[in-house]
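Read-outs: derived from the displayed coordinates by stated rules, not from any lab. Everything numeric in this text was worked out from a predicted model, so none of it was measured. Here Cβ is always computed from backbone atoms with ideal geometry, including for glycine, and neighbour counts include all displayed protein chains.
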Amino acid sequence: MGFVVVSGGTNGMGRAFAVGRAERGDRVLVLGRNRERGEALAGGSVAFLPVDLSSVAETRQVVAHILTEHHVVDALTLFANAVAPRRVVTDEGLEQTFALYYLSRHLLSFGLRPALDRAAAPVIVNVAGVGVTRGGVRWADPQLTSGYSAVTAQLQAGRANDLLGVGFAAQSGSRARYVLYHPGFTRSGDRGPLPLLVRGLLAAASVAARPVADSVAPIHRFLDAPPAEPLTAVDRHKRLPLDLPTLDPRNAARLMQLTEKLLD
């Protein structure tokens, strides 16, 4: 029996994965903002910790809490994300999508390293869009003060997560295996915040979308048998080469420096 942390585990793929790990006998800690959904999920071997992961301060508090309460973390799985049709700035002055989708994952990955390194076979699975080549980090304007769109914000944070995996494998010194995983278009997530037209288009496209169970299945395998390599990138069922332009080590190092400044 292991201990698994699931960020963004109150809905969609994260919820399905958390339930699946509990059914396999793991103890699961779900992190999320929706208290009603989280408390409905909690019970037995599943615990819920309410947190706004778009807040750097709250995410750091959660990391400190986990390290205090749990000597060992066997796996960290990162699902938390939300589409924002309009640009939202957090109380800490950060663009919300970047803060939630990328910065929280950076903080959890590096912050939980001590507990992960005590596990027999630690693994981090970052569920994002590895393999997608559109978009990139706006190095001069990561807060997207101009030219904001929901798609631009999602693509930027997705590319940042690609580079997070590269940077963690190269700089953290951790024993944890880092897996970048793109599940493909899945029938998952809350479309409520999206414009009506976009919701309609997604509903029509969902006919061809993957069921949640199919998208989650590989993540269970990553935990049951972690890869031997420090970094693995998988787009659906396809293993990707690590020399892709979106996984450039120089850009990863650059992002680590930018992130340190943002979090300072």
Which peptide among 257-264, 151-158 comes first, and what is the full order, when sorted by highest mean count of other Cβ atoms within 10 Å? 151-158, 257-264
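Express in nm, to one decimal, how much length is gained between Asp214 and His237 on full extension, taking 0.36 nm for each residue of separation and deducting their alpha carbon distance.
Numbers: separation 23, 0.36 × 23 = 8.28 nm, distance 1.04 nm.
Net length gain for the segment: 7.2 nm.
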Here the percent of antiparallel bridges among DSSP beta bridges lying wholly in the chain, to the nearest 5, is 10
For segment 27-39, take each phi angle, set θ = phi - 60°, evaluate the Karplus expression 6.51 cos²θ - 1.76 cosθ + 1.60, and give the result in whole Hz per residue in order, putting x for glycine and proline. 8, 10, 10, 9, 10, x, 8, 7, 5, 4, 5, x, 5
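Mind ranking 219-231, 94-106, 135-147 by how tightly packed they are, going by the mean number of other C-beta atoms within 10 angstrom, highest first?
The densest-packed peptide leads the list: 94-106, 219-231, 135-147.
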Mean Kyte hydropathy of -0.5 or more with a Cα span along the axis of at least 27 Å, helices from DSSP in the chain: 150-171
What full-extension length gain, to one decimal in nm, is calculated for Ala253 and Arg134 as 0.36 nm per residue of separation minus the Cα-Cα distance? 40.8 nm
Taking every eigenvalue of the Cα gyration tensor of the chain, multiplying by 5 and rooting it, what semi-axes result, largest first, whole Å? 24, 22, 19
Eigenvalues of the Cα gyration tensor times 5, then square-rooted: what semi-axes does that give for segment 26-74, in whole angstrom, largest first? 17, 16, 6
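Using only C-alpha positions, report the orientation-averaged shadow area of the convex hull of segment 1-146, nm², one decimal.
Details: hull surface 38.0 nm².
Its Cα hull, projected and averaged over all orientations, spans 9.5 nm².
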Can you compute 3J(HN,Hα) from phi for each residue in segment 44-53, using the Karplus curve 6.51 cos²θ - 1.76 cosθ + 1.60 with θ = phi - 60°, rounded to whole Hz and x for Gly and Pro? x, 8, 10, 10, 10, 10, x, 7, 8, 6
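Within 10 Å, count the other beta carbons around each residue, average over each peptide in 1-7, 212-218, and list them highest first.
Details: 1-7: 22.0, 212-218: 18.1.
The densest-packed peptide leads the list: 1-7, 212-218.
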Quick one: which residues, 5+ away or cross-chain, put their amide H under 5 Å from the amide H of Arg177? H built at 1.01 Å from N. Val123, Ile124
